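**Q** Submitted below is the structure of interest, expressed as structure tokens.
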Amino acid sequence: MVLTDIIVDIIYLFMMVLVWTKLFSLGSGQIGGFVLNDYIMYYIISMLIVMFYPAIENYFSSDVNNGNLVIYLIRNLNPMIRYYFFSMGSDIFEIISMSIIFIISSIYFGYFIISKILLFLVFLIIAILLTSLFRALVSLIAVKTQRIGGVMGTIFLTMSFLSGSWIPLNLFPDIVQKIFYFLPFQYMRYFPAITYLGKTNTSQLVFGFLISILWIITFYFLFKFLYKKAIKSFEGQGG
Amino acid sequence: MFEKFKHYSKFAIIRIKISLQNSMEFKFDFIASIFAEIIYMILTYFIATLFINAIPNFGLTAIQLFIYTQTLVIIFTIQNATKSQIMDSIKDGTLNLDLIRPINIIYQSFWNSFGTKTIIIQILKFIFIIGYILIFSNINIGLYILLTIVVTIISTIFANAIFYLLRSYDLKKIQAGSFFHRITNEGNISNYITTYPIYLLPKFMLVYSSFFSLYYIANTTLDVIYSANITNIVLLLGAEIVLTIIFMYFANLAWKKMLKYYEGFGG
């Protein structure tokens with residue numbers, strides 16, 4: 001199955017390259033301030049980032065429904081960190097293969113600069129923390145509703161749209177882009193990607209860094225508070 | 001013959017009822033799923049507008065692109081809501097129980113995994129799109145409704161035929177069926193076709209995708225929305241029906257062969 005996942009990822013990437021090449025042939029040399037190579041690299045980086053995202057909510061809701069959450073509670077452990085590494089473990093080969101594609105294409109398109117890579121790594125860590133905390137936070141809904149498919153569908157659709165998964169956020173009107181700067185979502189995918197592409201200036205970087213750290217702190221304390229409440233509710237149900 | 005028909009229809013009705021009961025047990029989730037679809041439609045419309053603004057020579061208007069992508073998503077989702085996880089039934093042994101029943105195994109598998117909740121939501125969405133077309137667009141509504149229903153039925157049979165043909169290899173307890181299914185299903189245009197019009201694909205991809213139902217769904221929908229070219233639509237439907245029959249024949253053949261193998265090993 002690992003091989004299948006890798007092949008599907010490569011085909012997806014190949015398709016995105018073909019579609020954007022065609023879109024560029026219809027328009028001018030730039031779309032939303034990006035050239036074709038920027039879009040190709042954007043999708044590669046975007047796919048790489050998303051592989052670090054854990055499916056915490058699936059593990060948590062399944063443990064709530066089958067009662068396995070009790071095991072963590074007896075041991076006085078927070079299960080979220082464990083879920084993260086479970087999820088990472090299953091994606092490790094995909095991460096390696098996508099990292100290779102990322103490095104090769106970066107060298108080929110001329111984006112491979114050490115300072116940019118270091119900056120990208122900083123924002124990648126921020127993105128992982130932000131997304132993990134957000135997903136852990138929304139997964140707590142499982143304690144109340146048991147089935148979370150519909151709720152998660154709504155939340156993740158909005159999240160993936162606002163983080164630049166469907167299309168890069170530079171295609172949005174300026175006023176909308178300014179609003180996005182204050183929301184946590186663009187720091188989950190779009191911002192690390194454009195940082196690597198060199199589309200951000202120093203003030204944007206500092207502002208982005210501060211805002212994302214602020215969101216991480218907010219999500220962390222919110223999660224701590226709601227997790228305690230959720231566990232109490234779970235124990236109240238006989239868990 | 002009548003007795004057999006009665007038996008088969010009863011089986012389908014019972015399965016739909018069970019599926020509906022399971023969905024309705026979690027009403028909050030059902031409502032949330034409808035809400036997710038509403039959000040999805042709003043976002044898709046927004047993206048369609050952005051695309052058209054960014055690329056003036058796109059070929060479609062924002063309204064046309066929105067109707068196109070939404071129609072495709074409806075058909076594609078219904079198509080997928082009927083595909084079973086045969087590998088799971090082999091693992092947990094429920095396939096053996098299904099084989100004892102005097103009903104065709106593919107038919108059983110189809111209804112066992114019939115996603116009633118998903119299909120109801122997609123029908124609600126279809127009604128919304130019809131209303132949207134009536135208010136905002138000059139698309140031939142009669143032709144649109146008729147063809148969407150016809151294409152959905154044919155494509156569901158088509159996609160299931162390919163699905164069962166490939167998944168028959170699961171009966172050999174090898175992952176080949178699952179591998180081929182993912183490569184052909186996800187590796188073809190399904191992921192992109194719901195966002196970008198099919199004509200953006202290069203020629204070799206169009207040739208490759210013409211072996212899959214999505215190619216016909218996309219082109220027929222595009223024809224209804226863009227030009228209403230009846231000759232084209234009839235040709236596309238004809239080709240899809242012929243391919244469906246061919247795949248059905250081979251799927252049936254493969255299942256019979258693989259079932260013999262499976263039973264030979266005590267399955």
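**Q** Restricting to segment A:27-43, and then to whatever is surrounded by fewer than 16 Cβ atoms within 10 Å (Cβ to Cβ) and not polar (S, T, N, Q), can you tell me which residue is nearest to the other protein chains (Cβ to nearest Cβ)?
**A** Applying the filter and picking the extreme gives A:Gly27.
**Q** Also, I was wondering about something else. Could you list, ordered by first residue, the pairs with Cβ atoms under 7 Å in which the first is in segment A:80-103 and under 19 Å from A:Val70 (Cα atoms) and the second is in a helix (DSSP H, G or I), at least 6 apart or interchain?
**A** Listed pairs, sorted by first residue: A:Met80/A:Ile56; A:Met80/A:Ala136; A:Tyr83/A:Ile56; A:Tyr83/A:Tyr59; A:Tyr83/A:Phe60; A:Tyr84/A:Ile56; A:Tyr84/A:Ser132; A:Phe86/A:Tyr59.
**Q** Please specify each residue of segment A:168-189 satisfying the condition of being assigned to a helix (DSSP H, G or I), of a type outside the set (D, E, K, R) and without any contact (Cβ under 8 Å) to a residue 60 or more places away in the chain.
**A** Listed by number, the residues that qualify are A:Leu169, A:Ile175, A:Val176, A:Gln177, A:Ile179, A:Phe180, A:Phe185, A:Gln186.
**Q** Now a separate question. Please verify whether B:Ile86 is out of contact with any Phe, Trp or Tyr (no Cβ under 6 Å at 6 or more places or on another chain), at pLDDT below 80 and buried (at least 21 other Cβ atoms within 10 Å of the Cβ), treating the condition exactly as stated.
**A** In short, yes.
**Q** Related question: Going through segment B:50-63 one residue at a time, which ones are β-branched (Val, Ile, Thr) and within 10 Å of chain A (Cβ to nearest Cβ)?
**A** Within segment B:50-63, just B:Ile55 meets the criteria.
**Q** Taking A:Leu205 as the residue in question, decide whether it is surrounded by 15 or more Cβ atoms within 10 Å (Cβ to Cβ), in contact with an Asp or Glu (Cβ under 6 Å, 6 or more places away or on another chain), modelled with pLDDT of 90 or more and not aromatic (Phe, Trp, Tyr).
**A** no
**Q** Tell me, yes or no, whether segment B:40-55 has at least one residue that is in contact with a strand residue (DSSP E or B) (Cβ under 8 Å, 6 or more places away or on another chain) and at negative phi.
**A** Yes, segment B:40-55 contains at least one residue that is in contact with a strand residue (DSSP E or B) (Cβ under 8 Å, 6 or more places away or on another chain) and at negative phi.
**Q** Would you check if A:Ser165 is within 12 Å of chain B (Cβ to nearest Cβ), within 27 Å of B:Ala54 (Cβ to Cβ) and either free of Cβ contacts under 8 Å to residues at least 12 places away in the same chain or surrounded by fewer than 18 Cβ atoms within 10 Å (Cβ to Cβ) (or both)?
**A** no
**Q** OK, next. Restricting the first residue to segment A:46-70 and requiring it to be in contact (Cβ under 8 Å) with a residue 40 or more places away in the chain, which pairs with a second residue that is surrounded by fewer than 18 Cβ atoms within 10 Å (Cβ to Cβ) and outside any helix (DSSP H, G or I) meet a Cβ separation below 8 Å and a spacing of at least six or different chains?
**A** Note: pairs meeting the criteria are A:Ser61/A:Gln146; A:Val64/A:Gln146; A:Val64/A:Gly239; A:Asn65/A:Gln146; A:Gly67/A:Gly239; A:Leu69/A:Gly239; A:Val70/A:Gly239.
**Q** Could you list, in sequence order, the residues of segment A:63-108 that are among the β-branched types (Val, Ile, Thr) and closer than 20 Å to A:Lys228 by Cα? Break it down stepwise before answering.
**A** Kept after step one, since they are among the β-branched types (Val, Ile, Thr), are these residues of segment A:63-108: A:64, A:70-71, A:74, A:81, A:92, A:95-96, A:100-101, A:103-104, A:107.
Answer for segment A:63-108, where residues must be among the β-branched types (Val, Ile, Thr) and closer than 20 Å to A:Lys228 by Cα: A:Val64, A:Val70, A:Ile71, A:Ile74, A:Ile81.
Yes or no, residue by residue, for (1) under 30 Å from A:Pro173 (Cα atoms); (2) within 13 Å of chain B (Cβ to nearest Cβ); (3) touching a Lys or Arg at 6+ places or on another chain (Cβ under 8 Å); (4) charged (D, E, K, R):
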| site | (1), (2), (3), (4) |
| --- | --- |
| A:Ile10 | no, yes, no, no |
| A:Ser25 | yes, yes, no, no |
| A:Ile45 | yes, no, no, no |
| A:Glu57 | no, no, yes, yes |
| A:Ile71 | no, no, no, no |
| A:Ser105 | yes, no, no, no |
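**Q** Could you tell me which residue of segment B:97-119 is farthest from B:Asn252 (Cα to Cα), considering only residues that are among the hydrophobic types (A, V, I, L, M, F, W, C) and either part of a loop (DSSP other than H, G, I, E, B) or in contact (Cβ under 8 Å) with a residue 60 or more places away in the chain (or both)?
**A** B:Phe114
**Q** If you check B:Ile67 against the conditions, is it aliphatic (A, V, I, L, M), closer than 30 Å to B:Ser137 by Cα and within 13 Å of chain A (Cβ to nearest Cβ)?
**A** no
**Q** Determine if segment B:20-34 includes at least one residue that is of a type in the set (A, V, I, L, M), under 30 Å from B:Ser227 (Cβ atoms), free of Cβ contacts under 8 Å to residues at least 60 places away in the same chain and within 14 Å of chain A (Cβ to nearest Cβ).
**A** Pass one, segment B:20-34, residues of a type in the set (A, V, I, L, M): B:20, B:24, B:31-32, B:34.
Those still in the list that are under 30 Å from B:Ser227 (Cβ atoms) too: none.
So far as segment B:20-34 goes, no, none of its residues is of a type in the set (A, V, I, L, M), under 30 Å from B:Ser227 (Cβ atoms), free of Cβ contacts under 8 Å to residues at least 60 places away in the same chain and within 14 Å of chain A (Cβ to nearest Cβ).
**Q** What is the residue count in segment B:198-217 for residues that are in a helix (DSSP H, G or I), within 10 Å of chain A (Cβ to nearest Cβ) and in contact (Cβ under 8 Å) with a residue 12 or more places away in the chain? Give the steps one after another, and end with the answer.
**A** Filtering segment B:198-217 for residues in a helix (DSSP H, G or I) gives B:198-200, B:203-209, B:213-217.
Those still in the list that are within 10 Å of chain A (Cβ to nearest Cβ) too: B:199-200, B:204-205.
Next, only the ones that are in contact (Cβ under 8 Å) with a residue 12 or more places away in the chain stay: B:199, B:205.
Within segment B:198-217, residues that are in a helix (DSSP H, G or I), within 10 Å of chain A (Cβ to nearest Cβ) and in contact (Cβ under 8 Å) with a residue 12 or more places away in the chain number 2.
**Q** Also: Does segment A:190-239 hold any residues that are free of Cβ contacts under 8 Å to residues at least 60 places away in the same chain, charged (D, E, K, R) and under 27 Å from A:Phe102 (Cα atoms), and which are they?
**A** none
**Q** Among (1) within 14 Å of chain B (Cβ to nearest Cβ); (2) in a helix (DSSP H, G or I), where does A:Arg147 come up short?
**A** The one condition A:Arg147 does not meet is (2).
**Q** Being within 7 Å of another protein chain (Cβ to nearest Cβ) and surrounded by fewer than 18 Cβ atoms within 10 Å (Cβ to Cβ) is the filter; apply it to segment B:35-49 and report the residue that is nearest to A:Gly32 (Cα to Cα). Spell out the reasoning first.
**A** Initial filter on segment B:35-49 (within 7 Å of another protein chain (Cβ to nearest Cβ)): B:35-36, B:39-40, B:43, B:47.
Within this subset, residues satisfying the condition of being surrounded by fewer than 18 Cβ atoms within 10 Å (Cβ to Cβ) are B:35, B:39, B:43.
On the way: B:Phe35: 31, B:Ile39: 24, B:Leu43: 19 Å.
So the residue we want is B:Leu43.
**Q** Residue by residue through segment A:131-144, note down the ones that are touching a residue at least 40 places away in the same chain (Cβ under 8 Å) and within 14 Å of chain B (Cβ to nearest Cβ).
**A** A:Val138, A:Ala142, A:Val143, A:Lys144
The values are calculated or read from the model by the stated rules, or taken from the named source; none is laboratory data. Predicted model only: the values in this text are computed from it and were never measured. When we count neighbours, we look across all protein chains shown, and the Cβ atoms used for this are built from the backbone with ideal geometry, even at glycine.
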